[in-house]
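Asks: One structure, pasted below without further comment.
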Amino acid sequence: MPELPEVETVRQSLQKKVAGLKIAAVKIVQPKVVKAGPFEDFAVALLGRTFIDFERRGKYLLAHLDGSASIVVHLRMTGRWVYCKPDTQLAKHTHVIFQLSDGNELRFTDTRRFGGMELVATQNLVEYNSLLKLGVEPLSEDFTPEILCILLQGKKSKIKSLILDQTNLAGLGNIYADEALFLAGIHPERKAETITAAEALKLHHAIQEVLQKGIANKGTTFRDYVDAEGQQGQNQLSLNVYGRGGQNCVKCGTALGKAKVGGRTSIFCPACQPTE
DNA sequence: CGGACGGCCTGGGAGC
DNA sequence: TGCTCCCAGGCCGTCC
């Protein structure tokens, strides 16, 4: 499931392979993945445009084209970009195909069809609601321990729900939230307002550490995720808690605990992450 | 404000 | 082998 490190890895592979290429043809197999406006307009508007560069904001991927056009993409659970030769067998659930000026294709596939894309005039991105609502980028210099403390202050919600809320921090999903809380030694159900300044400092560090490590490992391939060149990530080999339900803590050997927090499965170590 | 839940989807795994 | 059921979870909308 693509979170910040996975979307960043996809962005990097698209930047490497697709930036500078022109869209020679657009084929839309599944109109529903084009979220706003008629899909015919989407196809016509993109024809002949050139991909300039690719940007990431939280879990959103922004493809900037010439002529002040941008495609806002969200991969949700199973969305993928596939850069490949045109004779490559069409994967099941291929929804959009761009024929590129280098003779290759850029395909959008999405098994569960949660993901999608939308064409937005580049100058209107600043007022595009989904992006506007996003909180601080956790790997930017704007994300300081002080900012995290302010986010936690007076909040009665559970810490995991708070850091998963994209209006607070943009980019954490279930995997990296569980991993960061484990590293920080904080139970996912702790009320945010009870987190001390010292703990917030640890959490701030842990969030940056798990995300940076995720990017360095080119993402976590737990089920579906691959980058635009079909490469799996390696970060699944470094996980301490996510997906390890029923196993023992790598630090202390205690049996890992499992809970639903905000409707999401959460794995934690009851000894290393006390409820207090 | 915060929490709970349904909807959107398919495929993989468990259990029978 | 084949059936049913549950689960995976990002985000939105609704309701309490």
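Asks: Could you give each residue of region A:178-193 its phi-based ³J(HN,Hα) in whole Hz, using Karplus coefficients 6.51, -1.76, 1.60 with θ = phi - 60°, and x for Gly or Pro?
Replies: My calculation for region A:178-193 gives 4, 5, 5, 5, 5, 4, 7, x, 10, 5, x, 9, 4, 6, 4, 5 Hz in order.
Asks: Please report, in debye to the nearest 20, how large the charge dipole of region A:4-132 is about its Cα centre when each Lys and Arg carries +1 at its beta carbon and each Asp and Glu carries -1 there.
Replies: Charge dipole, region A:4-132, about its Cα centre: 460 debye, nearest 20.
Asks: Given contacts defined as C-alpha pairs under 8 Å and at least six residues apart, what's the relative contact order of region A:145-268, whole-number percent?
Replies: 23 percent
Asks: Let me ask you something else. Given axes a ≥ b ≥ c from the Cα gyration tensor, I'd like to know whether region A:1-55 is rounded (a/c under 1.5), prolate (a/b larger than b/c) or oblate.
Replies: In terms of gyration-tensor shape, oblate.
Asks: Could you work out how much longer the chain between A:T167 and A:K258 gets when fully extended? Use 0.36 nm per residue separation minus the Cα distance between them, nm to one decimal.
Replies: 30.2 nm
Asks: Calculated from DSSP H runs of 4 or more alone, at -39500 (n - 2.57) each and per residue, what is the 222 nm mean residue ellipticity of chain A, nearest 500?
Replies: Estimated from H runs of four or more residues: -7500 deg cm²/dmol.
Asks: Specify whether the C-alpha gyration tensor of region A:153-249 places it in the rounded, prolate or oblate class, a ≥ b ≥ c being the square roots of the eigenvalues: rounded for a/c under 1.5, otherwise prolate if a/b is larger than b/c and oblate if not.
Replies: In terms of gyration-tensor shape, prolate.
Asks: Where a Cα-Cα gap under 12 Å defines reach, which aspartates and glutamates qualify for A:K35, not counting those fewer than 8 residues away within the same chain?
Replies: Within reach: A:E118.
Asks: Could you tell me how far the Cα centroid of region A:128-174 sits from the Cα centroid of region A:12-47, in Å?
Replies: 31 Å
Asks: Straight-line reach from A:K191: which aspartates and glutamates have Cα under 20 Å away, leaving out those fewer than 8 places along the same chain?
Replies: Hits, sequence-local ones excluded: A:E146, A:D165, A:D178, A:E179, A:E199, A:E276.
Asks: With the contact rule set at Cα under 8 Å and sequence spacing of 6 or more, what percent relative contact order holds for chain A?
Replies: It rounds to 19 percent for chain A.
Asks: Once you keep just the Cα pairs under 8 angstrom separated by 6 or more residues, what percentage relative contact order results for region A:48-105?
Replies: 22 percent
Asks: Next question. With +1 on each Lys and Arg Cβ and -1 on each Asp and Glu Cβ, and nothing else charged, work out how big the dipole of region A:145-268 is about its Cα centre, in Debye to the nearest 20.
Replies: With Lys and Arg at +1 and Asp and Glu at -1, about 460 debye.
Asks: Quick check of the Kirkwood formula: for chain A, what is the inverse mean of 1/r over all pairs of different Cα atoms, in Å?
Replies: Its Kirkwood hydrodynamic radius stands at 19.7 Å.
Asks: What ranking do A:191-201, A:233-243 get when scored by the average of other Cβ atoms within 10 Å per residue, highest first?
Replies: Result, highest mean first: A:233-243, A:191-201.
Asks: Under 20 °C and 1.002 mPa s, how fast does region A:89-162 diffuse according to Stokes-Einstein, given a Kirkwood radius computed over C-alpha pairs? Answer in µm²/s, whole number.
Replies: The estimated diffusion coefficient comes to 128 µm²/s.
Asks: Putting +1 on Lys and Arg Cβ atoms and -1 on Asp and Glu Cβ atoms, find which of A:G230, A:P188, A:L61 reaches farthest to the positive end of the dipole of chain A.
Replies: Looking along the dipole axis, the top candidate is A:P188.
Asks: If you plug each phi of region A:40-46 into the Karplus form 6.51 cos²θ - 1.76 cosθ + 1.60 with θ = phi - 60°, what whole-Hz ³J(HN,Hα) values come out, in order, with x for Gly and Pro?
Replies: 5, 4, 4, 5, 5, 5, 8
Asks: Output the 0 to 90 degree angle, nearest 10, between the alpha-carbon long axis of helix A:197-216 and the longest principal axis computed from the alpha carbons of chain A.
Replies: Helix A:197-216 sits roughly 40 degrees off the main axis of chain A.
Asks: Using a Gaussian network model of chain A whose springs link C-alpha atoms within less than 10 Å, name the residue from A:V44, A:V82, A:V34 with the highest mean-square fluctuation.
Replies: A:V44
Asks: On to the next question. Assuming 0.36 nm per residue, please report the length gained on full extension of the stretch A:R223 to A:D142 beyond their Cα-Cα distance.
Replies: Difference between extended and current length: 25.9 nm.
No lab work stands behind these numbers, since they all come straight from the coordinates. Just so you know, these numbers come straight off a predicted model, no measurement behind them. Note that we place each Cβ from the backbone using ideal geometry, even for glycine, and neighbour counts take in every protein chain shown.
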